[in-house]
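To start, the structure under review is shown below, and the notes come after it.
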Amino acid sequence: MMLGLLLARAGVRTLVLEKHADFLRDFRGDTIHPSTLELFAELGLLEALLALPHQKTYHLNAQFGETRLRVADFSRLRVRSPFVAFMPQWDFLDFIAREGARYSTFELRMGATVEGLCTQRNRVVGVQVHTADGEYTIHADLVIGADGRDSRVRAAAGLAVETLGAPMDVLWFRLPRTAGDPDEPVARFAPGCIYIMINRASHWQCGYVIAKGALAAMQVAGLSAFRARVAALAPFVADRVKAIADWDEVKLLSVAVDRLPLWHRPGVLCIGDAAHAMSPIGGVGINLAIQDAVAAANCLTQPLRSGRLRSGDLAAVQARREWPTRVTQRLQLVMQGRVISSVLSETDDFAPPLALRVLGAVPWLQGLTARIIGIGLRPEHIRTSAA
């Protein structure tokens with residue numbers, strides 16, 4: 001959606017295909033990072049975006065028993081919006097769609113599922129699409145695979161995936177929120193789990209991190225035991241855990257970390273999770289995907305406008321974004337190995353790791369982690385102008 005808006009704004013005729021009839025998917029990443037807010041400021045759209053309902057978070061905290069540590073301080077960032085905005089992703093996508101609709105070069109087609117790629121002489125020249133009205137072919141100078149970690153475009157293009165591994169899964173669910181509850185998100189570390197609560201104004205969006213594959217054993221132990229565990233981790237919601245009426249209300253996110261050694265082939269390019277699935281650590285997946293989109297627009301607008309798109313132009317996008325992607329994934333893997341895995345394997349109470357204790361005691365380090373999470377390692381800027 002972001003790439004579609006940027007290309008259309010620059011005069012490149014763009015069609016965005018979405019397989020669902022609307023954007024109302026639940027339990028998706030709903031964070032808008034400072035780097036993304038900065039991009040919308042560059043587009044002159046920040047004020048309109050922040051007029052939508054959202055919650056601002058200036059700090060990230062981690063709690064071990066009674067010990068609470070601040071691990072990121074976004075207020076220290078020198079940007080126009082030094083906070084993470086939590087906004088339902090459907091509102092964010094609808095906003096981009098409305099902005100895109102201002103341009104005659106932008107089209108969004110809902111209920112359109114890509115079934116495969118069309119090729120000629122080993123070059124991708126379009127997609128095969130299924131809709132309620134039947135199947136048809138769309139020809140294009142370039143196909144962008146922005147369809148997530150289970151990308152059909154990636155598979156159809158025959159792009160190999162390098163799996164990096166993840167030791168955990170995440171259970172997502174909601175709990176009611178009442179007056180007097182805390183505002184800022186806190187990650188609570190306890191033997192065998194990590195429990196995160198995100199303020200969504202009317203409710204808490206809760207993430208319960210478990211060892212990969214552990215859900216079946218939890219279900220055998222029963223829903224009552226799961227509710228009791230949640231109540232023990234966050235006593236202020238103990239009177240509300242019965243809102244988890246059955247296991248159907250607990251959604252499993254199977255965590256994967258992977259990447260493509262090659263993001264493209266002639267006529268097709270993958271970005272975002274289709275090119276590099278991220279761990280949920282730091283919530284940076286959407287951040288990196290939008291950075292990919294901006295880099296792609298910066299690199300590809302002129303070749304697309306001139307009708308002279310070459311494989312080297314696609315390689316330039318990967319060259320621009322591969323280093324920050326690889327380094328971010330490496331940092332996530334270190335966190336998974338040194339913190340997440342040890343927490344999930346614990347059976348007794350434990351103290352915060354030394355690295356987190358140092359982080360919690362040194363404010364400028366909290367600004368550094370905020371920069372890595374909120375800005376990224378190679379922030380992009382809008383280099384294209386409106387046609």
- Query: When Val12 is evaluated against the numbered criteria (1) out of contact with any strand residue (DSSP E or B) (no Cβ under 6 Å at 6 or more places or on another chain); (2) in a helix (DSSP H, G or I), which criterion, by number, is the only one it fails?
  - Reply: (2)
- All positions within the range 275-303 that are over 22 Å from Leu93 (Cβ atoms), assigned to a helix (DSSP H, G or I) and within 16 Å of the chain's Cα centre (by Cα): Ile281
- Query: Which of the strands (runs of 3 or more DSSP E) contained wholly in the range 109-203 include at least 2 residues that are open to solvent by 30 Å² or more (accessible area, probe 1.4 Å) and either at pLDDT below 95 or over 30 Å from Pro261 (Cα atoms) (or both)?
  - Reply: 134-139, 168-176
- Out of the residues in the range 352-383 that are open to solvent by 20 Å² or more (accessible area, probe 1.4 Å), assigned to a loop (DSSP other than H, G, I, E, B) and in contact (Cβ under 8 Å) with a residue 24 or more places away in the chain, which is farthest from Pro191 (Cα to Cα)? Arg383
- Message: Among the listed residues Val161, Val153, identify the single one that is closer than 17 Å to Glu18 by Cα, touching a strand residue (DSSP E or B) at 6+ places or on another chain (Cβ under 7 Å) and not small (Gly, Ala, Ser).
- Response: Val153
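For Val241, state whether it is open to solvent by less than 30 Å² (accessible area, probe 1.4 Å) and either at pLDDT 95 or above or of a type in the set (Asp, Glu) (or both).
On the way: open to solvent by less than 30 Å² (accessible area, probe 1.4 Å): yes; either at pLDDT 95 or above or of a type in the set (Asp, Glu) (or both): yes.
Yes.
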- Note on the structure: Per the filter on the range 304-319, residues assigned to a helix (DSSP H, G or I) and either over 16 Å from Thr384 (Cα atoms) or open to solvent by 20 Å² or more (accessible area, probe 1.4 Å) (or both) are Leu304, Arg305, Ser306, Ser311, Gly312, Asp313, Leu314, Ala315, Ala316, Gln318, Ala319
- Item | Which listed residue is in contact (Cβ under 8 Å) with a residue 24 or more places away in the chain, under 17 Å from Gly145 (Cα atoms), acidic (Asp, Glu) and open to solvent by less than 10 Å² (accessible area, probe 1.4 Å), from Asp258, Asp292, Asp273 | Asp292
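Working only within the range 36-73, note down all residues that are of a type in the set (Ser, Thr, Tyr) and open to solvent by less than 10 Å² (accessible area, probe 1.4 Å).
Thr36, Thr57
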- Message: Which residue is nearest to Ala146 (Cα to Cα), if the candidates are limited to the range 261-270 and must be part of a strand (DSSP E or B) and open to solvent by less than 10 Å² (accessible area, probe 1.4 Å)?
- Response: Cys270
- Task: Would you mention how many residues in the range 97-108 are outside any loop (DSSP other than H, G, I, E, B) and either surrounded by 15 or more Cβ atoms within 10 Å (Cβ to Cβ) or touching a residue at least 60 places away in the same chain (Cβ under 8 Å) (or both)?
- Result: 6
- Of the conditions (1) over 28 Å from Ile281 (Cα atoms); (2) in contact (Cβ under 8 Å) with a residue 24 or more places away in the chain, the single one that Asp30 does not satisfy is (1)
- Scan the range 112-142 residue by residue and report those that are in contact with a Gly (Cβ under 8 Å, 6 or more places away or on another chain) and not aliphatic (A, V, I, L, M). Cys118, Thr119, Arg123, Gln128, Thr131, Thr137, His139, Asp141
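The values are calculated or read from the model by the stated rules, or taken from the named source; none is laboratory data. Small disclaimer: the values here were computed from a predicted structure and weren't measured. Backbone-built Cβ (ideal geometry, glycine too); neighbour counts: all protein chains shown. The protein model used for the area step is the full one, side chains on, heavy atoms only, and it has no ligands, DNA or RNA in it. Shrake-Rupley method; radii C 1.70, N 1.55, O 1.52, S 1.80 Å.
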